[in-house]
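The structure appears right after this line, and notes come after that.
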Amino acid sequence: MDMPVFRLYDTLSRTVKTLVTLEPNHLRFYSCGPTVYSYAHIGNFRTFLEKLIADGHAYETPTGVYFDTTTFARRGALSGNTDADSLRVAVRDVVVDDNKKSPADFALWKKDEKHLMQWYSPWGWGFPGWHIECSVMAMQYLGETIDLHGGGEDLVFPHHECEMAQSESRTGHSFCEHWVHTKFLQFEGEKMSKSKGTFFTARELIDDKGVHPLALRYALMSVPYSKPANFTMDLLRDSTSKIDRYAECVRVVNEALAKGAAGEDAVGEDLDRLYQETLAAMCEDLNTSVALAKALEGTSVIFRETALFSGASASSSQKFLLKINELLGIVPMDEDTTEPGRDDSEIDGLVKERDAAKANKDFARADAIRAELGQRGIELRDTPEGTVWRRKSAEI
RNA sequence: GGCGACGUGCCCAAGUGGUUAAGGGAGAGGCCUGCAAAGCCUUCAUGCAGCGGUUCGAAUCCGCUCGUCGCCUCCA
């Protein structure tokens, strides 16, 4: 089966286009966001700015060094903000500096001897402008032209716009071939905000609230990166039930694999098709909604077959689950229900006692045991192969 | 005010010109079960924010209106 072409929306050309790398099998990808603490680049910043000034793209004033936006023909290409005057009537006041040639010119170096950040430069003590760091580091580590540049939608303007202006003015050629931006996540229909308590870290959700890590991943994937998503507790609960479904699917497949019943492979063809459709969805601008839907249809194909599961069918099913997990990372393949240091013999004993009660038709006793285990977060399932139990997912 | 994105059933969400508008959740009915759980089956939008327009044909293209979200050049 041919590998589909990977296509991705490009903010600059405003189209979904194939991601073509400069070098085969080598992606030069810069993403803004993570704050990495490593060697400083002050020297590189200074060199970069000296070149821009020498080429007439930047100028010095008493307050700093500014980029001359009139020298960059492609200004506004990313964001559509081409009219500097319209920015002047912005809701938020633009700081007007009489020293600047144009209000649209942005800072490359700020002179400020009282600022927390202090470095020496040919223009005096101060600190570099925000945008310069990404331009310089991208060039240092990835080269003058990179394949892919990403970040949140809030960075399109001014940050990425300014980066592009600086880098292309510095090198004289294209800075980046493909721009991707993720939309923001809302929480329960509102802007995420620390002060409103609508802001969670992954760690808080997983460690404090007991959210299954895969459920969190599933929830975040349920809406493609290219659309604003509303993150809700309902969504997290839905996602948890999907992960539970996958876990059950894995259990059923493993059981059938162990039995290895004779028979034809009744599911391989359907599962191959669904996997291809899942992959195709991911390749078309990372359409995770469709990918998750197609993958989930695969679990239905598997569950439908379980009554007469052959070893061959189980094997195809396992392959499907492994490949889906490789692609989407949502299948709890080897869920370990036993926890180190926890003794499950009491639970096993109660389950045995209930089985005996059931055999004696003492259903009152059997139900009482089931209720008690339920209180302790244990869920029972009577299957043709006997009673299995599992720890229930945390209530969210 | 400018720029950008978005509005599809009770909820999430796919679909971007052409047979019956994916998929999931919830709800309803059924199978299985001692009863459950899990799973399976059936059912669930003559309509895609509203109003116009283009077209043989539009959720999909164009215009306007309403609503939501993001950004607006010295926070990073």
Check your understanding: So for chain A: antiparallel DSSP bridges make up what percent, rounded to the nearest 5?
Key -> 65
**Study point:** Relative compactness, chain A, computed as alpha-carbon Rg over 2.2 N^0.38 Å
**Key:** 1.34
Revision key, fill the gap. Listed by chain and number, the residues whose amide H is under 5 Å from that of A:Asn230, excluding neighbours fewer than 5 places away on the same chain and using placed H, are A:Gln186
**Study point:** Volume per residue that the Cα convex hull of region A:345-391 spans, once the total is divided by residue count, Å³
**Key:** 64
Review point. How much FRET efficiency would the formula 1/(1 + (r/R0)^6) give for A:Asp382 and A:Arg237, where r is the Cβ-Cβ distance and R0 is 25 Å, rounded to 0.05?
Key: 0.50
Exercise for review: Return the single residue from A:Asn25, A:Asn81, A:Asn254 with maximal mean-square fluctuation; model: Gaussian network over chain A, springs between Cα atoms under 10 Å.
Suggested key: A:Asn25
**Study point:** Cα-based helix-to-principal-axis angle, A:233-259 vs chain A, degrees rounded to 10
**Key:** 50
Practice item. Could you state how much accessible area A:Met282 has, in square angstrom rounded to the nearest 10, with a 1.4 Å probe and all protein chains kept in place? Key: 30
Point to revise | On Cα atoms only, tilt of A:345-359 relative to the major axis of chain A in degrees | key: 40
Point to revise | Order by protection proxy (mean Cβ within 10 Å, highest first), peptides A:195-207, A:232-244 | key: A:232-244, A:195-207
Revision key, fill the gap. Descending packing, highest mean Cβ count within 10 Å first, for A:177-186, A:353-362, A:217-226 is A:217-226, A:177-186, A:353-362
Check your understanding: Which residue fluctuates the most in chain A, going by a Gaussian network model with Cα springs under 10 Å, if the choices are A:Ser121, A:Ser313, A:Ser345?
Key -> A:Ser345
Point to revise | FRET efficiency, 1/(1 + (r/R0)^6) with R0 51 Å, evaluated for A:Glu113 and A:Gln276 via beta carbons | key: 0.25
Review point. For chain A, what is the mean residue ellipticity at 222 nm derived from helices alone (per DSSP H run of n ≥ 4: -39500 (n - 2.57); sum divided by total residues; nearest 500 deg cm²/dmol)?
Key: -12500 deg cm²/dmol
Exercise for review: Calculate, for A:Glu190 and A:Glu353, the FRET efficiency according to 1/(1 + (r/R0)^6) with r their C-beta to C-beta distance and R0 56 Å; round to the nearest 0.05.
Suggested key: 0.65
Study note, to complete from the structure: In nanometres, the difference between 0.36 nm per residue of separation and the alpha-carbon distance of A:Ile396 and A:Glu144 is 86.0 nm
**Study point:** A:Glu297 - accessible surface, heavy atoms, 1.4 Å probe, Å² rounded to 10
**Key:** 80
Check your understanding: What are the ³J(HN,Hα) values, in whole Hz, obtained from phi via the Karplus relation 6.51 cos²θ - 1.76 cosθ + 1.60 with θ = phi - 60°, for each residue of region A:197-204 in sequence order, with x given for Gly and Pro?
Key -> x, 10, 9, 10, 8, 4, 4, 4
Exercise for review: May I have the convex hull volume per residue, in Å³, for the Cα set of region A:7-182?
Suggested key: 131
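The values are calculated or read from the model by the stated rules, or taken from the named source; none is laboratory data. Note that the structure is a prediction, hence the values are computed from the model and not measured. With ideal geometry, Cβ positions are generated from the backbone for all residues, glycine too; neighbour counts draw on all protein chains shown. What goes into the accessible areas is simple: the full protein's heavy atoms, side chains included, and nothing from ligands, DNA or RNA. Shrake-Rupley method; radii C 1.70, N 1.55, O 1.52, S 1.80 Å.
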